[in-house]
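Quick note: the coordinates plus some simple rules give every number you see, no bench work behind them. What you are looking at is a predicted structure, and each value in this text was computed from that prediction instead of being measured. So basically every Cβ, Gly included, is an ideal-geometry build from the backbone, and we count neighbours across all protein chains shown.
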Amino acid sequence: ASEGGPRGFMMGLLVAVIPVPAYVMLALWLDRYEAEPPQVLAQTFAWGASVAIFLSLLVNTYAEGLVASVFGPGAADVFGNVIAAPVVEEMAKGFALLALFVEMEDEFDGVVDGVVYASMVGLGFAMVENIHYYGAALNAGLESSLSTFVVRGMMAPFAHPFFTAMLGIGLGLAREAHGGE
């Protein structure tokens, strides 16, 4: 919010939040035969939108600062975007899945559950991240706003859920392979 200003934040919030119910409905459609508890789904979404975002921001900022102090700001940008951000973001989102896998054996009992929980975490994360990107793009002008929306909102809205789903699939397979244990 501080980078985009109040106008950028509000517009980014609006554009980022509007498609989320449709995306959530798609994730829940996958789970239509054995629906997960709504409270757990909401908590996983909230984890992605808060804890995973905060951990990623904290660790990525620290790591980029460390690399910048040794190798300079250009190297820090490359390191942050290519190495730190993907690894840190997936770990931050993955902690929620690991917690569910350990604590809720009855609810996290297969591959579909892993994909659904991962989708919820990823959608929460993507929504908050998009608020930032859309707000910043709005401040850069109409062309930037449109291109950012096309890339983030139309071409890659499922990127975070998809990436996190890989861990969910792995955990689901592990649960199935061990007969629910």
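What the table below lists for this structure:
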read-out: Packing rank of 54-65, 116-127, 17-28, where each peptide gets the mean count of other beta carbons within 10 Å, highest leading; value: 116-127, 54-65, 17-28
read-out: Convex hull volume of region 40-123 per residue (C-alpha atoms, cubic angstrom); value: 82
read-out: In nm, spacing of pseudo-spin labels at Met10 and Leu58 (7 Å Cα→C-beta vector); value: 3.2
read-out: Region 108-181: Cα Rg divided by the 2.2 N^0.38 Å rule of thumb; value: 1.45
read-out: Student exercise, region 1-132 dipole from Lys, Arg, Asp, Glu Cβ charges, in Debye to nearest 20; value: 620
read-out: Kirkwood-based shape ratio for the chain, expressed as Rg/Rh from alpha carbons; value: 1.02
